[in-house]
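J.: My questions all concern the structure below.
Derivation of every value follows stated rules applied to the coordinates shown; laboratory data play no part. This structure is a prediction, so every number in the text was calculated from the model and none was measured. Note that each Cβ is placed from the backbone with ideal geometry, even for glycine, and that neighbours are counted across all protein chains shown.
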Amino acid sequence: MSPTLSVRDLAVDYELSRAGLFRRRRMVTAVSGVSFDIAPGETLGLVGESGSGKTTVGRAILRRIPTSAGQIRFEGQDITDLAGEPLRRLRAQMQIVLQDPYTSLNPRMKVGDIVAEPLVVHGLAPSREAAREAVAALLARVGMPADAAGRYPHSFSGGQRQRIGIARALAMKPSLIVADEPVSALDVSVRAQVVNLMQDLQRDLGLSLLFIAHDLAVVRHISHRVAIMYAGRIVELAPRDAIYDRPIHPYTQALLSAVPVPSPTVQRSRRRIVHPGESVDIANPPSGCRFHPRCPLATERCRDDAPPLADRGAGHFAACWNSGA
Ligand SMILES: Nc1ncnc2c1ncn2[C@@H]1O[C@H](COP(=O)(O)OP(=O)(O)O)[C@@H](O)[C@H]1O
Ligand code: SF4
Ligand SMILES: [Mg+2]
């Protein structure tokens, strides 16, 4: 079966404007060489620390930010340079669920209008009554109370607001949803409920889902495959169980372990460990393998040559010179 989404060698640059007398302008490459597919009905988890480029990838495939290189195909069509009306129609088929349910819903609109808005904008509700019925069915589907449509977002909890965001994304019957850290802003106690809901919807509706998270634990149950990003590149991509049971890349191993970076020579590497949350400066990325300043297995070669994302068999890809045979 051909993939719903196919991304090849994607790169995105941002312009850095600098203060100062001559206001030099500089481009920085936030992500590069990013390639992956998502099959119909498949969930791909995309995991990496803050600043690694996850949101950039998500926004680029939804055609919300310009790409500087590479190709994006959606349902067999090259959408990399789509514009105008075809792009507008495409946007209906690819929806996003955002991280922060407190800021992503318009506080002045009733929930029913928030969910109905995409239907109205795209002219898909033939009448007010049809829109009302569609909204009621969507809200019920995501587990919201029957009277939710007439209320405002502020009267709901974070978890319920995220359910509303999901209902809104589903309104257009998309074939792909990008969920950008949809549970990161929620209380730990409600995260599992929202992830389970997304998993049920993904299965029942046969959606393709790109589920972004900064934590490997969050995506474990929902993902069929998992891609790990580091400093703007995919460093490992594999079926779910292979990532958790047989991680190859030292960064993936670090994410899976309690300590930031496991090290056989703790003393030596401790000095070099970048603390969790402190992200790589993409304007001045390390040479060679971008992970080398933090890597306990780094050798001379790692400083000079960037390892390619190589096939290690059984659909397991990793970008490392030294780890795993
Ligand atoms: N609009 C922007 N202009 C300049 N740099 C940006 C912009 N958006 C993101 N970046 C930079 O691109 C890198 C990747 O960001 P992002 O995709 O948001 O990462 P993530 O979602 O993994 O936290 C970061 O270094 C970030 O600072
Ligand atoms: S290529 Fe070298 S620095 Fe990069 S992860 Fe592998 S061992 Fe570490
Ligand atoms: Mg992000």
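J.: Rounded to the nearest 500, what is the 222 nm mean residue ellipticity of the chain from helices alone, with -39500 (n - 2.57) per DSSP H run of 4+ residues and division by all residues?
T.: -9000 deg cm²/dmol, from helical runs alone.
J.: Please list the equivalent ellipsoid semi-axes of segment 127-258, computed as the square roots of five times the alpha-carbon gyration tensor eigenvalues, in descending order and whole angstrom. Kindly include the intermediate steps, with their values, before the conclusion.
T.: Numbers: eigenvalues 215, 49, 26 Å².
Whole-Å semi-axes of the equivalent ellipsoid: 33, 16, 11.
J.: Can you figure out the FRET efficiency of Met27 with Asp215, using R₀ = 35 Å and their beta-carbon distance, to the nearest 0.05?
T.: 0.70
J.: Cα convex hull of segment 89-128: how many Å³ per residue?
T.: So the per-residue hull volume is 73 Å³.
J.: For segment 1-129, what is the convex hull volume of the alpha-carbon atoms per residue, in Å³?
T.: 181 Å³
J.: Largest first and to the nearest Å, give the Cα extent of segment 1-71 along each principal axis.
T.: 56, 24, 19
J.: With the alpha-carbon atoms as the only input, what is the per residue convex hull volume for segment 113-157 in Å³?
T.: Given the Cα convex hull of segment 113-157, per-residue volume reads 73 Å³.
J.: Take the chain, drop everything but the C-alpha atoms, weight them equally and run the Debye formula without solvent; then report log10 I(q)/I(0) at 0.08 Å⁻¹ to two decimals.
T.: Computed log10 I(q)/I(0) values: -0.40.
J.: So, one more: Over the chain, what is the percentage of antiparallel beta bridges among all DSSP beta bridges, to the nearest 5?
T.: Roughly 60 percent of the beta bridges in the chain run antiparallel, per DSSP.
J.: Now a separate question. Going from the alpha-carbon gyration tensor of segment 58-183, what semi-axes, largest first and in whole Å, does one get by taking the root of 5 times each eigenvalue? Write down the numbers at each step before the final one.
T.: Details: eigenvalues 151, 58, 25 Å².
Taking √(5λ) for each Cα gyration eigenvalue gives 27, 17, 11 Å.
J.: At a Förster distance of 41 Å, what's the computed FRET efficiency of Ser50 paired with Tyr152, Cβ-Cβ distance as r, to 0.05?
T.: Working from the Cβ atoms, E equals 0.85.
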